[in-house]
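This report concerns only the one structure given below.
The values are calculated or read from the model by the stated rules, or taken from the named source; none is laboratory data. Worth saying up front: this structure is predicted, and the values here are computed from it rather than measured. Cβ: placed from backbone, ideal geometry, glycine included. Neighbour counts: every protein chain shown.
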């Protein structure tokens, strides 16, 4: 078995160890939402502490109905019986790999666990770069070619994955690309897995969001969860919206043999969350705003240091290309230098499937909001979160690290006028 | 993928559907502990409702330390860093299959999910019957022969599994068999997976319990959880005690890509549970007593109806052989008749890997304690739980079903004097 500890989780544990040993390390490596649980959700969990039955494998009816309502409010009519819940969207994605079968086309770069899961499932990832300037979707024309090649080699290809908006790039695929990908998937008879766990964290609430489920409902699975929008990563709850009964049967077969059901008290709280009561809608909106402000500010620091950074559009990530800084080696070496010499933990692009010589790193900005609940709530409530002393100090640490990383006098020509720098 | 919904979970959902439709069905199919959460655990969960971080993949340090203490009190010195926690012991068992690799020797019969998981993991189960009169361990002599045959066919065999005490048979392997199996495992270089989730529910607290970890610590993984002893099935928490660092690394690689970590509030409550405070020790003792009384009573009913039943020694299961009742067909057909004509849900032995023509069924007795918390607590507290009206009514329903199933006048010669009938 050629799989190691998930890169993000490993980096987070390494940074925690270094901090316990007294090192000052900025954690820009871990995609945890970095915000407190809303009290209304805590109340729901607490009220459900008597719940100890396994319950249905697909998840409690109330949770499935609430999740269906969530999707319906986003223009996707949903049968609650075609919703399957899991202890996080990660196990749901793994179960999809087994249930659909065959190799899977992944965007390059893409979230570390997609490719790693293929190793566990005994299939192969087919890595296809996103269209230029985009992220989270493999280029539709290249998908057709790559799948044809794989099939000519005798491989079975079952699915193609998109992340809307994307981790690691922070970018949102254009409706045009999504439409074209859906068309290609139809021609190739691929199931589309649309990981929309960051959907409610698209920074611009007026941005046009097109899900493949809007255009190819017969073949699109949508996965989501509450780990990011409501910061419930540690509660482990995810939901999948399935396009067909046979896929539901196959998913439940996998689910029943691997995880049985998500934790019952968590399901109760999640059922409440997916009804989207006003206080949680407001919390998600405040989180979205904070993530956007900080992600853009950090992108601005990288841009000023000479990196090439596409402006983050969703979630709490950016994916700067540090090539202009004039360093040699691999992205992994660069991440090691940033961590060990400059106290900044990021993940190398190679962890996301990019070529090691491409000097991109993934920067997660959500652990900058503060180390404790009080600071995190202050960041959430602040009209100017960048001016909070602990956020400003973290950004200053980052500036110092980037300055130290950049050879003196270089890069002269960056940022070129042709690139739209991300403004803080 | 040749896997269907877990037989136990499917049966439970089918019975729930029938009840909603107005059928009167006795649920003897589902291995849920059927008892309420202890208030001390509810308090711990509620107190941890702020916890929303993913935390370490291996599980929180406090939980791993508490689990290590649990095993140490049972004579197994344990390094907390060699404990890995998961959302139930089921995902831990699945991760072990992937992490160890190769085919696995299973007792025949054995819990439905072991063999089903091999289908998902792409390996094969090697089914070996238990020594006569035992359950939960494959016969050591037959293991050696079966593994040699499989290896001669070019298969890789990595592990052998035991369930102590056993589901479905309710039997506890003798120390002699465990010792011999450990010896065989050593000779064949197999990892032993010892599923001890029912360990604290061995009915006779003075029974001699030998874990393979006592005699082959270098190669034994012990899995456990709180689903059975403390009725926390729906909370999804399990623990594994690993024999080596490489296996830990491989397990964490799988865990980090499939489930990340168990739900954080549940981990806090579980950490408390594994310290074994007096109120929980008392609760487990009361549960053990109740499970034993009811399992023996149900075994007695089957024996009186003419079935062959080995006396249950642990957990809340029995595995009667209904052959003497003179019916033809398969165990699956028999279970269908019991459900559809007589309103008694059990699982056929074929679901546990037994030959379909062998007319054994697995009977789970833990859902007889009552339909609500009040009745379940009353059953737990009662000196004579069999005399509680709802328990007596359920047993009477069972008697009627068994009488109707048995051809009139038959079986004349059952039970023979040579079989020790289980006394209620």
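Tabulated values for the structure
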| item | result |
| --- | --- |
| Residues (more than 7 Å from every other protein chain (Cβ to nearest Cβ) and in contact with a strand residue (DSSP E or B) (Cβ under 9 Å, 6 or more places away or on another chain)) located in region A:245-260 | A:247, A:248, A:251, A:255 |
| Some residue of region B:218-234 being assigned to a helix (DSSP H, G or I) and within 30 Å of residue A:238 (Cβ to Cβ) | yes |
| Any hit, region B:270-293, residues being crowded, with 24+ Cβ neighbours inside 10 Å, part of a loop (DSSP other than H, G, I, E, B) and touching a residue at least 24 places away in the same chain (Cβ under 8 Å) | no |
| Checking residue A:301 against (1) within 25 Å of residue A:135 (Cβ to Cβ); (2) at pLDDT below 95, the condition it does not meet | (2) |
| Among the candidates B:197, B:192, residue that is under 22 Å from the mean Cα position of the chain (by Cα), more than 14 Å from chain A (Cβ to nearest Cβ) and not in a helix (DSSP H, G or I) | B:192 |
| Matching residues in region B:42-62 - criterion: being more than 7 Å from every other protein chain (Cβ to nearest Cβ) and not in a helix (DSSP H, G or I) | B:48, B:58, B:59, B:60 |
| Leading residue by the ranking (farthest from the chain's Cα centre (by Cα)) among those in region A:298-342 that are surrounded by fewer than 20 Cβ atoms within 10 Å (Cβ to Cβ) and within 17 Å of residue A:397 (Cβ to Cβ) | A:341 |
| Tally, over region B:4-27, of residues that are crowded, with 20+ Cβ neighbours inside 10 Å, outside any helix (DSSP H, G or I) and either within 11 Å of chain A (Cβ to nearest Cβ) or out of contact with any helix residue (DSSP H, G or I) (no Cβ under 7 Å at 6 or more places or on another chain) (or both) | 2 |
| Qualifying residue in region B:225-236 (condition: crowded, with 24+ Cβ neighbours inside 10 Å, in contact with a strand residue (DSSP E or B) (Cβ under 6 Å, 6 or more places away or on another chain) and at pLDDT 95 or above) | yes |
| Out of A:250, A:213, A:264, A:240, sole residue that is under 27 Å from residue B:95 (Cβ atoms) and under 24 Å from the mean Cα position of the chain (by Cα) | A:240 |
| Qualifying residue in region B:121-132 (condition: surrounded by 21 or more Cβ atoms within 10 Å (Cβ to Cβ), at the interface with chain A (Cβ under 9 Å from one of its Cβ atoms) and touching a strand residue (DSSP E or B) at 6+ places or on another chain (Cβ under 8 Å)) | no |
| Search result, residues across region A:30-41 that are assigned to a helix (DSSP H, G or I) and either touching a residue at least 12 places away in the same chain (Cβ under 8 Å) or crowded, with 22+ Cβ neighbours inside 10 Å (or both) | A:40, A:41 |
| Residue match in region B:63-83 (condition: under 25 Å from residue A:98 (Cβ atoms), over 19 Å from the mean Cα position of the chain (by Cα) and more than 12 Å from every other protein chain (Cβ to nearest Cβ)) | no |
| Of the criteria (1) part of a loop (DSSP other than H, G, I, E, B); (2) closer than 30 Å to residue B:250 by Cβ; (3) touching a helix residue (DSSP H, G or I) at 6+ places or on another chain (Cβ under 6 Å); (4) modelled with pLDDT of 95 or more, which one residue B:74 fails | (3) |
| Members of region B:104-120 found to be within 16 Å of residue B:191 (Cβ to Cβ) and surrounded by 24 or more Cβ atoms within 10 Å (Cβ to Cβ), listed by number | B:104, B:105, B:106, B:107, B:114, B:117 |
| Condition check for residue B:187: surrounded by fewer than 24 Cβ atoms within 10 Å (Cβ to Cβ), outside any loop (DSSP other than H, G, I, E, B), within 14 Å of chain A (Cβ to nearest Cβ) and modelled with pLDDT of 95 or more | no |
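Okay, residues lined up against (1) part of a loop (DSSP other than H, G, I, E, B); (2) under 16 Å from residue A:168 (Cβ atoms); (3) touching a strand residue (DSSP E or B) at 6+ places or on another chain (Cβ under 9 Å):
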position: A:328; (1), (2), (3): yes, no, no
position: A:332; (1), (2), (3): no, yes, yes
position: A:336; (1), (2), (3): no, no, yes
position: A:339; (1), (2), (3): no, no, yes
position: A:354; (1), (2), (3): yes, yes, yes
position: A:363; (1), (2), (3): no, yes, yes
position: A:370; (1), (2), (3): yes, no, no
